[in-house]
Amino acid sequence: MFPQFITYLLEYIKYQEKIIFALLGIILGKSVAKAQFDEPVHKPYRKMEVDDMPIIETLEKLDYKELLSNYQLKHGKELKPVVRRKNSVVQVPTNLTCPKCSAPSSYLYANNGDKGQYQCKVCGCLFNQKNRFLKEAVFKCPHCQKTLEKIKERKDFYVFKCKNNDCSFYQRKINQMSKDEKERFKKDPQAFKVRYIFREFNFDFKPLSKETPEKPKVDLSRIYVSPHTLGLILTYHVNYGLSARKTAALMYDVHQVKISHQTILNYMNSVALITKPFVDNYPYQLSNSFCGDETYIRVKGRWHYLFFFFDAVKKIILSYPVSPNRDTLSAIKALDQVFQKLKVIPEDLMFVVDGNPIYILAQHYFAQHGIHFDIHKVIGLTNDDPVSTEYRPLKQIIERLNRSFKGNYRATTGFGSQEGSVSFVTLFVAYFNFLRPHTSLENKVPVIIPELEKMPNMPERWTKLIDLSQQFLVEQQSA
Ligand SMILES: [Zn+2]
Ligand SMILES: [Zn+2]
């Protein structure tokens, strides 16, 4: 009893301390309070029941060329493109095509003024900008094979429900209820989830639509230090996780190079912009098991989420988007960056993630687009669930990655802008994939590039990596 009471008191004191610092923060400005609690308060994700994937039936695709020649045969004249009035306010984007028959924009009517709905003159298909990628599917309940009914339209998704009373899902839920629950269910059926539900996301986002890397607008000739000095700065700041201020001080104390911490941050920004296309487009040799996790970073005083996806076997980071939200769209974008790096999508593709339902929703989203993969959830380390035990080693790998990232991140005091955070993360990934030896890889780096290996020391390796990145950009331009 007594030790429990002490623990309780300690908890209470800690809680009060937090309140005091929060109040101090309000009175004296946030810097005082921030230093004390520079770890985010644990924010649990929204627990939500996500049902199995529906049966997705894709409708047949039509070919507008065939439809046009059929029209010609039937009517004895060709179907003309849409005639547009000269002073028409509504524009049909020239790159827009019909989702059903692929007719070009010249055959598309702007259907309802500026609301963004279109109709295809060739096949009659009605669609809008938002749902144009998903126009082709019908969803059926996986438990009773009945077509699902759309019951709600939210900003980013539609909710579908199986309304069949004979559905085995519904029957099971009803039968599982206790007497008491059945009573409450009669009075307030809305309080219970008894029917199969599916969410169809309609983000304006097309999976695997890779953009060609653009040449960043950076001029490395405006870096007024020698390549070797730049390599030194990168080594201290990125590899050893020293803050920009400490790196500046060290450059002066040890190497007699006078450079401000702001200049260091500017240089890091430029190097990140140059190396990002190389890091993102490198032809990685990958396995088929990946793990993912979210960690926090501070951007403009607010906590953001950094999504890491990485090859569990090869120890290569493939995806690292920063987002203010821990939502389904962020999960989709993070996964998409992994898919973009796979030459073909393997049949036994597997992702190990935490229990956050956003990954299951993302899995459903990709299935709608014909991309299938397995998700294994590893929930908390004390969980006895068999799935958790089997994949715990993988989860531990990503937790180690997170720790090593946080070790380097701690030196920064957060970022003044989204770009700053992206720069830092990009350089960390470049270091992690190409420069950092791993004990689990017999002290080899995950991606071995002979040109880098040949270099005698780390600053030279950074310089070489910048060279290779610039060469890559030049090749992209001339390709
Ligand atoms: Zn069409
Ligand atoms: Zn059903």
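The values are calculated or read from the model by the stated rules, or taken from the named source; none is laboratory data. Not measured: the values here are computed from a predicted model. Glycine gets a Cβ as well: all are built from the backbone with ideal geometry, and neighbour counts include every protein chain shown. Only protein heavy atoms, including side chains, enter the accessible area calculation; ligands, DNA and RNA are left aside. Shrake-Rupley method; radii C 1.70, N 1.55, O 1.52, S 1.80 Å.
Can you tell me which of 89-96, 161-168 comes out highest on packing, and rank the rest after it, using the mean Cβ neighbours within 10 Å?
Listed from highest to lowest mean packing, they are 161-168, 89-96.
Relative to the first principal axis of the alpha-carbon coordinates of the chain, what is the inclination of helix 244-255, with its axis defined by its Cα atoms, in degrees from 0 to 90 and to the nearest 10?
The answer is roughly 40 degrees.
What translational diffusion coefficient, in µm²/s and rounded to a whole number, does the Stokes-Einstein relation yield for segment 141-201 at 4 °C and a viscosity of 1.567 mPa s, taking the hydrodynamic radius as the Kirkwood radius over Cα pairs?
104 µm²/s
Using a 1.4 Å probe on the protein chains only, how many percent of the accessible area of segment 141-201 belongs to carbon and sulfur?
Of the solvent-accessible surface of segment 141-201, carbon and sulfur hold 44 percent.
Hey, what's the chain come to in accessible area per residue, 1.4 Å probe, Å²?
Heavy-atom SASA per residue in the chain reads 57 Å².
Which value in Å does the Kirkwood hydrodynamic radius of the chain take, with 1/r averaged over all unlike C-alpha pairs and then inverted?
Taking the inverse mean of 1/r over all distinct Cα pairs, the chain comes out at 26.6 Å.
Counting only protein chains, not ligands or nucleic acids, how are Glu347, Glu390, Glu294, Glu399 ordered by accessible area (probe 1.4 Å), most first?
Sorted descending by solvent-accessible area, the residues read Glu347, Glu390, Glu399, Glu294.
How much of the DSSP bridge set in the chain is antiparallel, in percent, rounded to the nearest 5?
Approximately 80 percent, going by the DSSP bridge assignments.
Show me the ranking of peptides 149-155, 200-206 by mean Cβ neighbours inside 10 Å, starting with the highest.
Highest to lowest by the protection proxy: 200-206, 149-155.
Given the pairs Lys121/Lys146; Lys150/Lys343; Lys315/Lys464, which are separated by over 24 angstrom at their Cα positions?
Beyond 24 Å: Lys121/Lys146; Lys150/Lys343.
Roughly how far apart, in whole Å, are the Cα centres of segment 444-479 and segment 273-326?
20 Å
Take the Cα pairs of segment 273-478, get the Kirkwood Rh, then feed it into Stokes-Einstein at 20 °C and 1.002 mPa s and tell me D in µm²/s.
Translational diffusion coefficient: 120 µm²/s.
Enumerate the aspartates and glutamates that Lys61 could reach by cross-link, defined here as Cα to Cα under 18 Å, with residues fewer than 8 away along the same chain left out.
Leaving aside aspartates and glutamates fewer than 8 places away in the same chain, those within reach of Lys61 are Glu136.
What shape does segment 177-332 take by its C-alpha gyration tensor, where a ≥ b ≥ c are the square roots of the eigenvalues and a/c under 1.5 counts as rounded, a/b above b/c as prolate, and the rest as oblate?
Cα axes put segment 177-332 in the prolate bin.
Let me spell out the model: positive unit charges on the Cβ of Lys and Arg, negative unit charges on the Cβ of Asp and Glu, origin at the Cα centre of segment 216-322. What dipole size does that give, in debye rounded to 20?
Taking the Cα centre of segment 216-322 as origin, the dipole is about 320 debye.
Answer rounded, prolate or oblate for segment 412-476, using the Cα gyration tensor with square roots of eigenvalues a ≥ b ≥ c: rounded when a/c is under 1.5, else prolate when a/b is larger than b/c, else oblate.
oblate
Out of residues 5 or more away from Val257 or on other chains, whose amide H comes under 5 Å of its own, with H placed 1.01 Å from N in the peptide plane?
So Val257 has HN proximity to Tyr252.
Per Stokes-Einstein, at 10 °C and 1.306 mPa s, what whole-number D in µm² s⁻¹ belongs to segment 57-128, with the Kirkwood radius over Cα pairs as the hydrodynamic radius?
In µm²/s, the coefficient is 123.
If you take the Cα atoms of segment 167-268, find Rg, then find the Kirkwood Rh from the mean of 1/r over all pairs, what is Rg/Rh?
1.53
Counting helices only, and only those DSSP H runs with n ≥ 4, report the 222 nm mean residue ellipticity of the chain as the sum of -39,500 (n - 2.57) divided by its residues, in deg cm²/dmol to the nearest 500.
Theoretical 222 nm ellipticity from helices: -13000 deg cm²/dmol.
Would you mind giving the three semi-axes, in whole Å and largest first, of the ellipsoid equivalent to segment 282-378 according to its Cα gyration tensor?
22, 16, 12
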